[in-house]
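One structure is given here, and the rest of the page talks about it.
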Amino acid sequence: MSEKLIIFDTTLRDGEQSPGASMTKDEKVRIAKALERMRVDIIEAGFPIASEGDFESVRAVAKAVMQSRICALARALDKDIDRAGEALKEANASRIHTFIATSPIHMKMKLRMEPDQVVENAVKAVKRALKYTDDVEFSPEDAGRSDPDFLCRILEAVIDAGARTLNIPDTVGYNVPQQFGQLITNLRERIPNSDKAIFSVHCHNDLGMAVANSLSAVLSGARQVECTINGLGERAGNAALEEVVMAVRTRQDLFTCDTNIDATQIVTASRLVSGITGFAVQPNKAIVGVNAFAHESGIHQDGVLKNRETYEIMRAEDVGWHTNRMVLGKHSGRNAFRSRLDELGISFESETELNAIFQRFKELADKKHEVFDEDIQALVNETVISENEHVKLISLKVTSETGEMPVAMMTLSVDNEEKQVEMSGSGPVDAAFRAIEEIVQSHTELQLYSVNNITSGTDSQGEVNVRLERGGRIVSGQGADTDIVIASAKAYVHALNKMILPHERAHPQV
Ligand code: KIV
Ligand code: ZN
């Protein structure tokens, strides 16, 4: 029987550190539930000391998830660890992940600490974390550029202090597979008490090798991989969960371990994360890109039709593509809608929320003959939970005609007060955005605007992604509608509502 490879998902923590990928508490809970359904072993829900909002998000995830262990990140500081312990109080199973940098450059330039002090702080942090949970993980940050002798010393000390998972991060994505695998082998061989801990890896993708490095480490005995859905994460991102899971599963001839992941949930989780964050998945992305299982050339198609294994190493349905694809329409009732939501892993805390979504589904079904899973997911993604909805789109009328400047007549509700303006623009979307700005005066800068059709056909909904920047802070918003100008206005308003939320928060690694 193969050994267990633990999947530690950090979409909600490292993934969220990606500029523009910030998520609200409710969005995090929805993603956490999707991860739980996928049978992720450990969910890193956030960095509680960062802000009140981060603390509340970790708490909410800890309360909502029963099957996966919930982890909170903490620097090797008393106040961080206490806050993490507090946020995890109601978790069914918890873990504190504490870290301190160990590379010469980080110790000297960032921490301004001597190596002895770093070891002392690491040991102290692990002991303090053990007061809150018996499951403590320790990371020597920037391990990929640390002195292996120093790594052996600090890791031996934290195991003695009680850490049971040792996570080796390639924080800056500098390592290459052969070297990184060798590092894991050396650490396991050289640390006298290494058999008391599970080795984990956390690889960044700056050189495009995060997944390769993680897999090399697994071949060297690492038994936990830290990863994110769609490879979201700082800079070039983290190792993509779906790639790690499917590589190990597909190559069972090479790996002596396997994960517990229900891979049929992968596509749903991928769509959920890209919908919420606005980080689109490139079409040729492994496993979750729309072209990942598409065959363009006639020769390939012919081969696949005769025997799919000629060109396919995995089955699309095994990762959740087109499984049980059921189309809903305007005659579909509440029960059919609710059970489709269940199958898509979407749940609502209250009947009021469900009713609101059902109402919007009915409106969409009136306009659009067939409502696909992608439409339902977009409907849910763009529904701003009312507590954060300071700005609401009430109505939009745009006139557009050849030879004339388009004009947008916009009505918004701002903190429950209706405001109306008329603005022209170089195009209908420009006019709509100017109208919103005229009312809200947010002084944000539009960094990105993109439109994609959610499904095929001209009756498809357009899904718009907007990224706004103000004072270095970046937020993204999504909107979907069969009318792309309305979808654009919804996306802009969605982003503005996120920009309005309080945002003073500390970054764990700065
Ligand atoms: O990349 C990194 O080193 C991290 C640590 C906090 C584990 O994210
Ligand atoms: Zn990281």
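In the context of the full set of protein chains, the chain has a per residue accessible area of 44 Å² (1.4 Å probe). In units of the rule-of-thumb radius 2.2 N^0.38 Å, the chain shows an alpha carbon radius of gyration of 1.02. Using a probe of 1.4 Å on the protein chains alone, the accessible area found for Met423 is around 50 Å². Considering only Ile229, Ser350, Ile287, the residue lying farthest towards the positive end of the dipole of the stretch 210-352 is Ser350, judged by Cα position with unit charges set on Cβ. Report the FRET efficiency, 1/(1 + (r/R0)^6), for Leu446 and Ser350, where r is their Cβ-Cβ distance and R0 is 41 Å, rounded to 0.05. According to the calculation, E is roughly 0.75. Residue separation of Asp459 and Ile313 scaled by 0.36 nm, minus their Cα-Cα distance, works out to 49.1 nm of gained length.
What accessible surface, in Å², does a 1.4 Å probe find on Lys362, ignoring ligands, DNA and RNA and rounding to the nearest 10? Counting only protein heavy atoms, Lys362 exposes about 60 Å² to solvent. Expressed to the nearest 5 percent, the antiparallel share of DSSP beta bridges inside the chain is 50 percent.
The three principal axes of the C-alpha atoms in the stretch 334-383 carry coordinate ranges of 28, 21, 19 Å, sorted with the longest axis first. Of the DSSP beta bridges with both residues in the stretch 3-277, give the percent that are antiparallel, rounding to the nearest 5. Roughly 5 percent of the beta bridges in the stretch 3-277 run antiparallel, per DSSP. At the residue level, Asp149 shows approximately 90 square angstrom of accessible surface with a 1.4 angstrom probe and all protein chains present. Between Ala336 and Glu389, the FRET efficiency estimated from the beta carbon spacing at R0 = 25 angstrom works out to 0.35. The fraction of accessible area contributed by carbon and sulfur in the chain is 49 percent, rounded to a whole number (1.4 Å probe; ligands and nucleic acids excluded). For the set Asp373, Asp78, Asp195, the ranking by accessible area, highest first and with no ligand, DNA or RNA atoms included, is Asp195, Asp78, Asp373 under a 1.4 Å probe.
The values are calculated or read from the model by the stated rules, or taken from the named source; none is laboratory data. Model, not experiment: these values are computed from the prediction. Positions of Cβ are backbone-derived with ideal geometry, glycine not excepted, and every protein chain shown enters the neighbour counts. Side chains included, ligands, DNA and RNA excluded: accessible areas come from the protein's heavy atoms. Shrake-Rupley method; radii C 1.70, N 1.55, O 1.52, S 1.80 Å.
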